[in-house]
Structures are given as structure tokens and as C-alpha cells.
Amino acid sequence: MTTGHRTGIWLIGARGSVATTTVAGCAALVTGLHPPTGMATETPDLADTGLPPLATLVFGGHDTTDCPLPKRAEQLTTAGVLPYGLADAVTAELEAADREIRPGGPLPGDTRTDEQLVTTFTTDLTDFRERIGLDRVVVVNVASTEPASGGVGLPPSTLYAAAALRAGCPYVNFTPSTGLRHPALAAPLAACGLPHAGRDGKTGQTLLRAVLAPMFLQRALTVRAWSGSNLLGGGDGAALADPAAAAAKNAGKERVLTDTLGTTVEGQVHIDDVPALGEWKTAWDHIAFDGFLGTRMILQTLWQGCDSALAAPSSWTSPASPPEHTRGASPAPSTTSPSTSRTPKAPHPPPSRPSTPASSPSPEPCAPHPQGTNSDPDHQHQPQHPRDRHHRHHPHARLGGTPPRLGPGLRPRRRPGRRGHRGDPPRTRHTLGDRRLPLPVRGGHGPQRLGGPR
């Protein structure tokens, strides 16, 4: 690519969890705050494919919600999705992207026709490209899965896809929603010649199915049944609580097996909204298959992860735009991406940590972040150890699960003094970050008080 070329990434559902993680994550990589873990396009195999450098990406989008991206990033930090301190470090990039988000639709009580909505969305796209001086804009649908189309008029995902075609923008559908696959768009899609891709990003349970099904086929193992369960919270969980939306999601999971195995196997997937899980999900699969001489066997898988962290690095690095750029060129400073002019910081390993149309509804309102209410000057603006953040915000810790093991963030320090009764442990204190935690003492003496007699 030549110096000065920039690419716009227009996110449908731009204030959802996946989109917020995408914007914050890109800024973190550009400034050197985190390594590109989980980004296939940053591996050596794809280094010379002509994708635009991350520093040349400019973000915008459509959404039906109005929660600002910085505030959404704070919520994701509380949920354990974003590393502690990242939202503050990339506030300028989040604010720049938030200024480029336009109202989506149809909104509740919206009386605009499909044609009026498509015209509005097309105007938003062309204005974004021409006002900023972008070479191209790629539209990526990362909104929550919508129910299967069955009413009068076009589904919202198809309205956005139609606007992308009219504006001359490549289109990627990262969801199982209809999008470009609606019959009404068949003719314009064939005539436009634009790059387009996607029918679900497959980053969790569906990813496992897409990987394991070919294994059974290649090893000539007969799959008799494939059942599963999916527990999740956050915006996706709230959206999939709608039985019609859940059915559309499950259709995509079943399609993977049918297309790969060549037959429809027995079994279903049950999706349950569990708000207490927040942005995390647990997926279980039970696979019954026959082996040599008809020996019956079972494979079970358990997937526990964070949807946003799994989906974000894949949703905006797809090579949907023509490979006119070269990766080795120097990026030009972006007027809407302040991160390109910042002095990069030394990268360090990330902490261990486990999306209505055009929006990824959040169960939490835009409330002040609890970190902003800390009045202790000793706690202000101090970096927190990743393991400390994991312990405080990981949902399993909140639900009474096992806390992190002792490591760099939990440092045992022995204090001098008498040991007390035989069998008692030494008088020890543990620190979590800069806080001291009393440990219970065996032998019926109750919690040990720090700095005083038992």
C-alpha cells in the first residue's frame, strides 16, 4: 500500500460487546499495550497477504443503543473482558470511534419504509468514507442474531447489507442473520461484483463443531447423535432468550454438521440465558459415534470462554477488501485515530482470561464505573496486576469459585514472631496487588489478625 491509504471498518452493532472489544483491542495493539494473541491475520503465514496495517483502520458504525463506547468499555472491564486499565489507556480511540456511530434501525415505533432506511444507511456510509478520505469502507455485521425472517418487509440485517451494496462497500456477515442471503438482494449482489463473505463467525461451540465434524468424517467414524447445551449471559444471552432468535442460532450450528457429514444427525442444542454469567459462556457437547466393528463410543467437550474476546480479533481482520495494500508500508496518521501518533509502550503478556438488530443489548445500564469512585489516593492510577484483575472480575470468583493460585499477584510473606500452638501455620500474610488479605488459621483460632496477637 502507499502512504496515506486508510480503510474504514463500519460495524453493525457498533456499541455492543464485540464491537467495543474490537475498537479497544485494535488501539491496544497499535500502541503496543498487548500482543496480537488470537489474531490469525497477524501470524507469519498471513503477513504478506496485503491486508491494511492495523494503524490505518478507522472505525464507525450503526447501533440502536446510545451507551458511549468508553462507558461500555468500563462495563466490559468490570465483567473481566477487557484488561484493567485498558479502557482508560485507549479512551481517545474509543471516543473517536463513538463520534462516527450513527443511529441504526428500525427503532421502536419507526414509521420509515425499508427504502427510506436503506437510503439513510447508505448516506451514512458514503459520508463516512468521503468526509474522512478513506480508500474504502468494509461493513461488518457483529450485531446479535436476529430471528429468522418471516414477516412483511426486509429484516434489519438485510437493510444494512443492501446499504453496503448501494454504497459500494464490501460486506462481511459475522452472524447467522439473513444479511445478503435474502432473495431480494440476489440480483443486486450478482451485479455489483463486491467482495462479500460470512455466515456466522464460528468462534465458540460452532467452531468446535466445524473442527471436530471433519475429524469424524476423515477417520470414517459414524456419528450417531450430537447434542449440546449452551449457557451464556450478556447481550447475546438476552437476545437469544427469544426462542425465534435461538432457533436461528441453532440452525447455523446444525447446518455445520449437515454440510460436513452429509446427513442430518440426531440431537439438539439448548440455549439458556444465564445473566449471572455476564459476558462468559459455557458450552457442552455430547457426541455419540460408532468405531471399528460397531464399537459405540462417546466424546464430550466443555468450552468455557468469553464471546467478545473470541470474536473480536476475527470480526475485523477478514480479508474482505481487495488486496491492494502492502503490509510493509508506513501508515499515515489518522485524524480519527489518535493512537497512530502515540509512542508505543513495551508489550507484555495479556492476563489469562477465559451480541435487537444492529445492537448488542447489555443487561447493565450506563452507570458510573466503580473504579471511578475510589477515594483512596494510594489506589488512584496504580496499575493492577493481571492476576489481581482476574480474581476480582472473573465471574467464577464472584459466584464462589476457586480463586487464582498463588503467583506473581499473590505473594506470601512470612512475618517474624512466635508460631503459637503446635500444628498452627506460621504467621503469614498474603497481598493481592497492594491489599493485605488475612488468612484463616487452622486449629479453631478463627481468622488471624494481622499485626497483633492471636
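The values are calculated or read from the model by the stated rules, or taken from the named source; none is laboratory data. These numbers come from a predicted model, not from an experiment. For neighbour counting, all protein chains shown are included, and Cβ atoms are generated from backbone atoms with ideal geometry for every residue, glycine included.
Have a look at Gly193, Gly168, Gly153 and point out the one that is modelled with pLDDT of 95 or more, surrounded by fewer than 22 Cβ atoms within 10 Å (Cβ to Cβ) and in the same structural domain as Arg112 (by TED's automatic domain parsing).
Gly168
Within the range 228-286, take every residue that is part of a loop (DSSP other than H, G, I, E, B) and over 23 Å from the mean Cα position of the chain (by Cα) and give me the one that is farthest from Gln218 (Cα to Cα).
Gln268
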(request) Residue by residue through the range 287-312, note down the ones that are among the β-branched types (Val, Ile, Thr) and part of a strand (DSSP E or B). (result) Ile287, Ile298, Thr301
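Mind checking whether some residue in the range 297-312 is farther than 28 Å from Val142 by Cα, touching a Gly at 6+ places or on another chain (Cβ under 7 Å) and at pLDDT 80 or above? It would help to see each step written out before you state the result.
Residues of the range 297-312 that are farther than 28 Å from Val142 by Cα, as a first pass: 297-300.
Restricting the remaining residues to those that are touching a Gly at 6+ places or on another chain (Cβ under 7 Å) gives 297.
Right, trim to at pLDDT 80 or above and you get 297.
Yes: one or more hits.
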(message) Being within 17 Å of the chain's Cα centre (by Cα) and either of a type in the set (Gly, Ala, Ser) or surrounded by fewer than 23 Cβ atoms within 10 Å (Cβ to Cβ) (or both) narrows it down to one residue among Gly8, Gly50, Gly25, Gly32; which is it?
(response) Gly25
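Matching residues to (1) among the aliphatic types (A, V, I, L, M); (2) within 25 Å of Leu117 (Cβ to Cβ); (3) assigned by TED's automatic domain parsing to the domain that holds Gly237:
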site: Ser17; (1), (2), (3): no, yes, no
site: Thr41; (1), (2), (3): no, no, no
site: Val81; (1), (2), (3): yes, no, no
site: Glu93; (1), (2), (3): no, no, no
(message) Within the range 73-80, does at least one residue satisfy the condition of being charged (D, E, K, R) and under 18 Å from Trp280 (Cβ atoms)?
(response) yes
(message) Given the options Arg112, Arg102, Arg72, name the one that is of a type in the set (Lys, Arg) and crowded, with 22+ Cβ neighbours inside 10 Å.
(response) Arg72
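Taking the criterion of being within 19 Å of the chain's Cα centre (by Cα) and closer than 21 Å to Ser157 by Cα, would at least one residue in the range 99-111 satisfy it? Show your work before the answer.
Narrowing the range 99-111 to residues within 19 Å of the chain's Cα centre (by Cα): 101.
Adding the requirement that they be closer than 21 Å to Ser157 by Cα leaves 101.
Looking for residues that are within 19 Å of the chain's Cα centre (by Cα) and closer than 21 Å to Ser157 by Cα, one finds at least one in the range 99-111, hence yes.
Can you confirm whether Gly228 is closer than 18 Å to Thr175 by Cβ and not hydrophobic (A, V, I, L, M, F, W, C)?
Details: closer than 18 Å to Thr175 by Cβ: no; not hydrophobic (A, V, I, L, M, F, W, C): yes.
No.
Are any residues in the range 74-89 hydrophobic (A, V, I, L, M, F, W, C) and out of contact with any Cys (no Cβ under 9 Å at 6 or more places or on another chain), and if so, which ones? Working first, answer last.
Residues of the range 74-89 hydrophobic (A, V, I, L, M, F, W, C): 76, 79, 81-82, 86-87, 89.
Leu76, Leu82, Leu86, Ala87, Ala89 - these are the residues of the range 74-89 that are hydrophobic (A, V, I, L, M, F, W, C) and out of contact with any Cys (no Cβ under 9 Å at 6 or more places or on another chain).
Which residue is nearest to Gly168 (Cα to Cα), if the candidates are limited to the range 88-127 and must be of a type in the set (S, T, N, Q) and not in a helix (DSSP H, G or I)? Outline the logic, then answer.
Keep residues of the range 88-127 that are of a type in the set (S, T, N, Q), which gives 91, 111, 113, 116, 119-120, 122-123, 126.
Next, only the ones that are not in a helix (DSSP H, G or I) stay: 111, 113.
On the way: Thr111: 27, Thr113: 22 Å.
Looking at the filtered set, the residue picked out is Thr113.
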(message) Is it the case, given these coordinates, that Ser144 is of a type in the set (Ser, Thr, Tyr) and in contact with a Leu (Cβ under 9 Å, 6 or more places away or on another chain)?
(response) yes
(request) Kindly list the number of the only condition in (1) within 19 Å of Ala27 (Cβ to Cβ); (2) of a type in the set (D, E, K, R); (3) touching a Pro at 6+ places or on another chain (Cβ under 7 Å) that fails for Arg112. (result) (1)
